[in-house]
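Asks: This is the structure I have questions about; it appears just below.
The values are calculated or read from the model by the stated rules, or taken from the named source; none is laboratory data. These numbers were taken from a predicted model, which means no experiment stands behind them. Note that each Cβ is placed from the backbone with ideal geometry, even for glycine, and that neighbours are counted across all protein chains shown. Quick note on the areas: whole protein, heavy atoms, side chains included, nothing else; ligands and nucleic acids left out. Shrake-Rupley method; radii C 1.70, N 1.55, O 1.52, S 1.80 Å.
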Amino acid sequence: MAEIVSLAEAVERAIHDGDAVAMEGFTHLIPFAAGHEVIRQRRRDLTLIRMTPDLIYDQLIGAGCARKLIFSWGGNPGVGSLHRFRDAVEHSWPVPLEIEEHSHAGMANRYVAGAAGLPFAVLRGYNGTDLYRLEGLTAPTIKPISCPFTGETLTAVAAVRPDVAVIHAQRADRSGNVQLWGITGVQKEAVLASERSVVTVEVIVDELDPRPGAVVLPGWTVTFVALAPGGAHPSYALGYSVRDNDYYVAWDAIARDRETFTRWLDEQVYAVPAGQH
């Protein structure tokens, strides 16, 4: 069953150097507070997994937390590139970054397979692309296969099973059952595919009431729940906060320059006490 603990304790107990960590949330419910706590605790050599790495992974990469990134699309939504990501790939600053790229559909299917306890998923989406070059990896994650019924050539993608999933949600109850609604991506699948999970929430309530279209993660699927109001900022949590568009625009200038970024890191992350964001 889920334990309700502080965010600092959740990160300390769940995320270790060298872990494969998936921080998911699409457009909203992006777990920024948890990501900043990972930076504060100076985790290193992480394999970061995310369908759409945006600012939170730019920050983690720039802080030197990442060894590898497994992803599909990456960028600053509506603004441009991720400059700390680019600097790590092109110039190995602050440390070299290995990348493994997939399509959105491929990543989603990898999570689904992991959540279902299957070794791989099958789709058509990679035919005609050059992503098959990933077969050259030490542990290939994309393979062409023949359909046993029609003979059609399809693509198998290996299941992804992170050590830790990190998500943000609107609510949890005191038993650790988690409820999220609005635009949901692969948060549920990421948690079910992972060995451990950290869920930050806007509020902890006595009882979850029904919400149309809401996703509920039972407490037995979650490892740690931490109260973190505003923990998705600068993204948003539907019903609790709005997207801070100015932050995304401002990030472009902050991330372009190493010294400016390092100063931001010192002032806005390292200098902030644990549990605050």
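Asks: Got a sec? What order do 163, 209, 54 fall in by accessible area at 1.4 Å, biggest, i.e. largest, first? Can you show the working numbers first?
Replies: Working: 163 45, 209 65, 54 5 Å².
Result of the area sort, largest leading: 209, 163, 54.
Asks: Moving on to the next point. Non-local amide H neighbours of residue 159 (under 5 Å, H modeled in plane, Pro and chain starts lacking H): which ones?
Replies: Hits under the 5 Å cutoff: 120, 121.
Asks: Using label points projected 7 Å from each Cα along Cα→Cβ, tell me how many nm separate residue 270 and residue 195, to one decimal.
Replies: According to this spin-label approximation, the distance is 3.0 nm.
Asks: For the range 229-274, just say rounded, prolate or oblate: build the C-alpha gyration tensor, square-root its eigenvalues into a ≥ b ≥ c, call rounded for a/c under 1.5, and beyond that prolate if a/b exceeds b/c, oblate if not. Write down the numbers at each step before the final one.
Replies: Working: a/c = 4.66, a/b = 1.49, b/c = 3.13.
Cα axes put the range 229-274 in the oblate bin.
Asks: Let me ask something additional. For the range 164-277, compute Rg over Rh where Rg is the Cα radius of gyration and Rh is the Kirkwood radius from the inverse mean 1/r over Cα pairs. Mind dumping the intermediate values first?
Replies: Numbers: Rg = 15.9 Å, Rh = 15.5 Å.
Reported Rg/Rh (Cα atoms, Kirkwood Rh): 1.03.
Asks: Read phi for every residue in the range 140-157 and hand back ³J(HN,Hα) as whole Hz from Karplus 6.51 cos²θ - 1.76 cosθ + 1.60, θ = phi - 60°, with x for Gly and Pro.
Replies: x, 10, 10, 9, x, 9, 9, 5, x, 9, 10, x, 5, 7, 10, 10, 9, 10
Asks: Send over the per residue convex hull volume for the range 105-219, Cα only, as a whole number of Å³. Can you show the working numbers first?
Replies: Working: hull volume 15.2 nm³, N = 115.
Dividing the Cα hull volume of the range 105-219 by its residue count gives 132 Å³.
Asks: Rounded to two decimals, what is Rg over Rh for the chain when you use alpha-carbon atoms and the Kirkwood radius? All intermediate terms of the calculation are to be shown ahead of the outcome.
Replies: Details: Rg = 18.4 Å, Rh = 19.0 Å.
On the Cα set of the chain, Rg over Rh gives 0.97.
Asks: Only Lys, Arg, Asp and Glu count, each charged at its Cβ (+1, +1, -1, -1), so figure out the dipole size of the chain about its Cα centre, rounded to 20 debye. Don't skip to the answer; put the middle values down first.
Replies: Numbers: 24 positive and 33 negative charges, 79 e Å.
In debye, rounded to 20, the chain gives about 380.
Asks: What's the extension gain from residue 257 to residue 13 if we count 0.36 nm per residue and subtract their Cα-Cα distance?
Replies: Details: separation 244, 0.36 × 244 = 87.84 nm, distance 3.32 nm.
Value of the extension gain: 84.5 nm.
Asks: Quick one: 3J(HN,Hα) in Hz for the range 108-125, Karplus 6.51/-1.76/1.60 with θ = phi - 60°, rounded, Gly and Pro as x.
Replies: For the range 108-125, the Karplus curve yields 4, 5, 5, 5, 4, 5, x, 5, 8, x, 9, x, 7, 10, 10, 8, 9, x Hz.
Asks: In terms of modelled amide H atoms, which long-range or inter-chain residues lie less than 5 Å from the amide H of residue 49?
Replies: 21, 22, 23, 70
Asks: Still on this structure: Can you tell me the mean projection area, over all orientations, of the convex hull of the range 1-96's alpha carbons? Units nm², please.
Replies: On the way: hull surface 25.0 nm².
Over all viewing directions, the range 1-96 projects a mean Cα-hull area of 6.3 nm².
Asks: Still on this structure, please answer the following. Quick one: 3J(HN,Hα) in Hz for the range 187-195, Karplus 6.51/-1.76/1.60 with θ = phi - 60°, rounded, Gly and Pro as x.
Replies: Residue by residue, the range 187-195 yields 4, 4, 5, 4, 5, 5, 7, 9, 6 Hz.
Asks: Say we join alpha carbon atoms closer than 10 Å with springs in a Gaussian network model of the chain; which of 178, 122, 164 then has the biggest fluctuation?
Replies: Result for the chain, Cα springs under 10 Å: 122 fluctuates most.
Asks: Right, something else. Could you point to the residue in 126, 21, 81 farthest towards the positive end of the chain's charge dipole, with +1 and -1 charges on the Cβ of Lys/Arg and Asp/Glu respectively?
Replies: So the residue we want is 126.
Asks: Then there is this: Working from the alpha-carbon coordinates of the range 139-201, get Rg over Rh, Rh being the Kirkwood radius. Could you put the intermediate results ahead of the total?
Replies: Values: Rg = 16.9 Å, Rh = 14.3 Å.
Here Rg/Rh amounts to 1.18.
Asks: Next question, about the same structure. For residue 196, list long-range residues whose amide hydrogen, built 1.01 Å from N in the peptide plane, is under 5 Å from its own amide hydrogen.
Replies: Under 5 Å from the amide H of residue 196: 164, 165.
Asks: To continue, here is another question. For the chain, give the percent of accessible area contributed by carbon and sulfur heavy atoms, probe 1.4 Å, rounded to a whole number. Can you show the working numbers first?
Replies: Working: 6280 of 11830 Å².
The computed percentage sits at 53.
Asks: Right, something else. Using a Förster distance of 22 Å, how high is the FRET efficiency between residue 104 and residue 250, based on the Cβ-Cβ distance and rounded to 0.05?
Replies: Values: r = 27 Å, r/R0 = 1.23.
It comes to 0.20.
Asks: Sticking with this structure for a sec: State whether the range 58-120 is rounded, prolate or oblate according to the following rule on the C-alpha gyration tensor (a ≥ b ≥ c being the square roots of its eigenvalues): a/c under 1.5 gives rounded; otherwise a/b larger than b/c gives prolate, and the remaining case gives oblate. Before the final figure, lay out each step's value.
Replies: Values: a/c = 2.84, a/b = 1.78, b/c = 1.60.
Since a/c reaches 1.5 and a/b is larger than b/c, the shape of the range 58-120 is classed as prolate.
Asks: Next up: Work through the residues other than residue 270 whose Cβ is under 14 Å from its Cβ and net out their charges, Lys, Arg +1 and Asp, Glu -1.
Replies: On the way: positive: 40, 42, 43, 263; negative: 37, 266, 267.
Value of the local net charge: +1.
Asks: Residues of the chain: accessible area per residue at 1.4 Å, in Å²? Could you put the intermediate results ahead of the total?
Replies: Numbers: 11830 Å² over 277 residues.
Normalised by residue count, the accessible surface of the chain is 43 Å².
Asks: Considering the range 60-163, what Rg and Dmax in Å follow from its alpha-carbon atoms?
Replies: Radius of gyration, then largest Cα-Cα span, for the range 60-163: 15.6, 50 Å.
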